[in-house]
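Please read the structure below before turning to the comments.
A short reminder: the numbers here are calculations on the coordinates, not readings from a lab. In this text, all values refer to a predicted model and were calculated from it rather than measured experimentally. Note that each Cβ is placed from the backbone with ideal geometry, even for glycine, and that neighbours are counted across all protein chains shown.
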Amino acid sequence: MVGLHKAGTVIGLCLCWLGYSAQGWYEILRIEDRPTKKRRRAQQTADEPDDTDSEDDEEGEEDGFWLSPRMACRLHFAGCLFVDNWREDLGDKFEIEMMPPVVKPFVRRKQWAEAYVQAAMRLVRRLEKGPVPRPNCTAEEFALHRIISMARDFWHDGVDDAVADVIEALPCSTLDEDFDLVSEVAFQDHDVLMLFDMPRLIHPSGLAQNFGLANLHPDDWFKPFDTGLTSNHV
């Protein structure tokens, strides 16, 4: 795992696979300072009427959600470091330890690890395009859980001054630090995290069917949820 104090040094290295220079790396993000429909009630401004949360707004709030510029920058930075950690030797030891124990034997397969890195890279690419990086397979789901966790840790513990200056230069939003809301919008469910406590769910069984679970076996982690989005999946 790359230490936080090394973040500024590593940023140039982790962008080599993207084909960008370290200087102005954040400019590749298509981020906008837009208002968003999906805000917690406590984030509503005082002059807004109490009945702003209409039924129509609730139905379309996911489509209206935008990552704030600072949040997009935090997630992209964490995603680049996450990919770089894995690419160094196809399996950062710290990241392997963060996986469900039942998955670890599969991680040590080179082909599986390479596919997992590709899944993480797809998430980073989607962040560059602007929208919330909604996962399209189980591998992307778990990678995004880790990326959000890293971004949250960077926010709590601090990053290199150069990176902090980049974030400070971006427009502020009430959503800049709402990692829980990002997770709420990005994930349809958190089934993959159940593997930590219930490893037998990787096997098709009555239990898995009762929970309505699918694609939890590591061999199925790369099957797209929506085959209509496979052009964005490979």
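Structure data summary
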| read-out | value |
| --- | --- |
| All Cα pairs of segment 145-200, percent lying beyond 13 Å | 71 |
| Derived scalar couplings ³J(HN,Hα) [segment 147-154; Karplus, 6.51 cos²θ - 1.76 cosθ + 1.60; whole Hz; x for Gly, Pro] | 5, 5, 5, 4, 4, 5, 5, 4 |
| Cα-centred dipole magnitude for segment 65-232, charges only on beta-carbon of K, R (+1) and D, E (-1), debye, nearest 20 | 740 |
| Per-peptide average of other Cβ atoms within 10 Å, ordering 103-116, 69-82, 121-134 highest first | 69-82, 121-134, 103-116 |
| Using distinct alpha-carbon pairs, which all enter the 1/r mean, Kirkwood radius of segment 65-232 in Å | 16.7 |
